[in-house]
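A short reminder: the numbers here are calculations on the coordinates, not readings from a lab. Just so we're clear, the structure is a prediction, and the values are computed from it rather than from any experiment. Using ideal geometry, Cβ is built from the backbone for each residue, glycine included, and neighbour counts are taken over all protein chains shown.
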Amino acid sequence: MRIAIFVVGVLLATAASAGPQHPAAQSATQPTGAGNPTANGRSDGANVNPPDASCLFDIERGELPGCLHENASGELFVAPQFLKELNFDSRGLAAVHSQTQGWMYVTREGKVVITGVAVMDNWADSFHNGLVRFVRNGKYGFANRKGRVVIPSVYDGAMNFEKGLASVCKRCVNKCSDPECEHHLFSEGEWFQIDTKGNVVGRLHPPD
């Protein structure tokens with residue numbers, strides 16, 4: 001699914017208020033066990049398989065069983081035997097898909113640092129200005145390459161950053177842009193421009 005939008009409005013006003021505050025150590029992974037012992041009752045830190053341990057990183061090979069492991073803290077890891085097959089970028093991250101966690105980014109050590117990555121062209125969205133979109137409970141936010149939430153997931157729609165600015169919206173609607181619904185766009189709602197720290201720098205006209 002490709003998420004696309006054409007913002008045709010112009011900048012109307014400059015807002016003085018900053019974006020939402022957030023804890024500096026907030027993680028961009030979705031806890032699988034809420035910090036509790038895993039489903040089999042183990043709490044000794046040993047790795048165990050999550051309910052759905054399969055993952056996808058190569059379309060031609062499809063879903064591979066036994067790919068993911070979870071420790072007692074609910075952290076996800078890619079099994080060591082699969083790491084050499086991942087396509088890591090120059091910053092040491094690789095995209096992996098899970099049926100339960102969606103698209104994720106994984107380090108060379110196999111640790112999942114970001115879950116719920118937004119989809120672009122049927123694959124994990126990429127980083128722009130050092131940030132990537134992620135979706136949590138239907139809301140969009142932005143995380144950095146270390147898996148830290150830089151901009152909390154408070155927006156109903158968000159576009160990627162370009163030259164330090166991104167268009168985001170509240171109360172907007174995600175609609176199909178073609179008869180087969182292969183591509184989507186955001187429309188209606190209230191639109192803003194934010195900087196890479198989450199500060200609102202202006203308002204935008206909603207697209208037609």
What do you reckon, is Cys169 under 22 Å from the mean Cα position of the chain (by Cα) and surrounded by fewer than 17 Cβ atoms within 10 Å (Cβ to Cβ)?
no
How about region 59-85: which of its residues are in a loop (DSSP other than H, G, I, E, B), more than 18 Å from Lys146 (Cα to Cα) and either free of Cβ contacts under 8 Å to residues at least 24 places away in the same chain or of a type outside the set (Gly, Ala, Ser) (or both)?
Ile59, Glu60, Arg61, Gly62, Glu63, Pro65, Gly66, Cys67, Asn71, Lys84, Glu85
Please work out which one of (1) surrounded by fewer than 19 Cβ atoms within 10 Å (Cβ to Cβ); (2) under 17 Å from the mean Cα position of the chain (by Cα) is the condition Ser177 fails and give its number.
(2)
Val106 in a strand (DSSP E or B) and closer than 20 Å to Phe88 by Cβ
yes
Among the numbered criteria (1) more than 21 Å from Tyr105 (Cβ to Cβ); (2) in contact (Cβ under 8 Å) with a residue 24 or more places away in the chain; (3) in a loop (DSSP other than H, G, I, E, B), which one does Gly198 miss?
(1)
